[in-house]
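First comes the structure, then the notes that go with it.
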Amino acid sequence: MRVRLVDVDSKIPNLALMKLSAYHKARGDEVGFGVVDPDKVYASVIFKKNKHMVDGLPFFYPGADIVVGGSGYDLSVTLPDDVELMKPDYDLYPECESSIGFSTRGCFRKCHFCIVPEKEGRFRTVQHPREWHDERFDKIMFLDNNIIADKNWFFEVTDWCIEKNLQVWFTQGLDIRLLDEEVAKQLLQMKVWKGIFFAWDHIEDETNIKEKIALLKEVGFSDSKLRRDVQFYVYVDDDSEYESGVYRSRELKKLECNSFVMFNIDTEATERIKLLQRWTIRKELYWTKDIDDIVPRRMWKKCGVTV
């Protein structure tokens, strides 16, 4: 069988396509991004705005069996169990520099903006990283959505990473509301890649967030380490939450933590939201200036704000 893979918009190596590649290679099929005249086509769409980009697949591959999935296309499309458990084919992406996978799936929280409960269901452990880690890499990327929800599993997995001397990145962030002294100390001794990510999504969590940051400092996180390694996703649903986004980012800065404003991708960002994102993403601006210092008066007028 000839199998063509289509990665529409992944920002990191696409785990589902890597597993499909491993599965078909094990069967002796020809598989890859450049396969000509395929019998089967798998396409992955991560972002809803790009859903239209697969509309032409039946035209280009009229004789192929076409399967399209991904969080931006159809949440009901999932990998078969035997494919899901395959070790990814890391050779599919020659630029890949880390192992990638899930050790847990799902989340017990039900945030209104998050698709995880619908996409993955209840929280559960699924695979120890030893099953998908490639010994060629000294970095490992966890796609887990709330790994601290099972504290014992979190320690089992991170102890293994420490023993393997791996640099770790929890891409979806860690639930700081579940942080305790033991978990904080474990994070302190781990080698991290890209940093340690948390989230401050709701203004009403302010007291709890500040207490947890204080706990990080108590166990040994210095101000310089916080600046270097700790970053908070600050979710802003629409322009009405602009002031909240500014406030949370400023408070995090006071506490020596990075902010990274995330905006609802299904809503059109206003000019001032774009500026807020730019301020937090560009760390040289974030740490040396306030948001008000980088916004020209004409821009505020353009945004309809009186200055």
(message) For the range 277-307: of the residues being over 14 Å from ASN258 (Cβ atoms), surrounded by 12 or more Cβ atoms within 10 Å (Cβ to Cβ) and hydrophobic (A, V, I, L, M, F, W, C), which is modelled with the highest pLDDT?
(response) ILE291
(request) State all residues of the range 168-195 that are closer than 12 Å to ILE148 by Cβ and of a type outside the set (Asp, Glu); if no residue qualifies, say none. (result) PHE170, GLN172, GLY173, LEU174, ILE176, ARG177, LEU178, LEU179, VAL183, ALA184, GLN186, LEU187
(message) So, restricting to helices (runs of 4 or more DSSP H) that lie completely within the range 139-227, which ones have at least 3 residues that are closer than 17 Å to LYS254 by Cβ and at pLDDT 95 or above?
(response) 206-219
(message) I'm checking my understanding of the structure. Among residues of the range 39-74 that are assigned to a strand (DSSP E or B) and small (Gly, Ala, Ser), which one is farthest from the chain's Cα centre (by Cα)?
(response) ALA43
(request) Kindly indicate which of LEU143, LEU178 is under 28 Å from GLU95 (Cβ atoms) and among the aliphatic types (A, V, I, L, M). (result) LEU143
(request) May I ask you to list the residues in the range 1-49 that are surrounded by fewer than 19 Cβ atoms within 10 Å (Cβ to Cβ), at pLDDT 95 or above and among the hydroxyl-bearing types (Ser, Thr, Tyr)? (result) none
(request) Under 7 Å between Cβ atoms, at least 6 apart or on separate chains: pull out the pairs that start in the range 233-257 with a residue that is in contact (Cβ under 8 Å) with a residue 12 or more places away in the chain and more than 16 Å from ALA269 (Cβ to Cβ) and end on any residue that is part of a helix (DSSP H, G or I) and not basic (Lys, Arg). (result) ARG248/ILE203; LYS253/TYR286; LEU255/ILE213; GLU256/ASP223; GLU256/LEU226; CYS257/ILE213; CYS257/LEU226
(request) Scan LYS48, LYS19 and give me the residue that is touching a Gly at 6+ places or on another chain (Cβ under 6 Å) and touching a residue at least 40 places away in the same chain (Cβ under 8 Å). (result) LYS48
(message) Between PHE221, PHE260, which is touching a residue at least 12 places away in the same chain (Cβ under 8 Å) and within 23 Å of the chain's Cα centre (by Cα)?
(response) PHE260
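Quick grid of which residues meet (1) assigned to a helix (DSSP H, G or I); (2) modelled with pLDDT of 95 or more; (3) crowded, with 23+ Cβ neighbours inside 10 Å:
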| site | (1), (2), (3) |
| --- | --- |
| GLN231 | no, yes, no |
| GLU241 | yes, no, no |
| GLY245 | yes, yes, yes |
| GLU251 | yes, yes, no |
| GLU256 | no, yes, no |
| ILE265 | no, no, no |
| GLU268 | no, no, no |
| ARG272 | yes, no, no |
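The values are calculated or read from the model by the stated rules, or taken from the named source; none is laboratory data. As the structure is a prediction and not an experimental result, all values here were calculated from the model. Cβ sites come from the backbone with ideal geometry, for glycine too, and all protein chains shown count toward neighbours.
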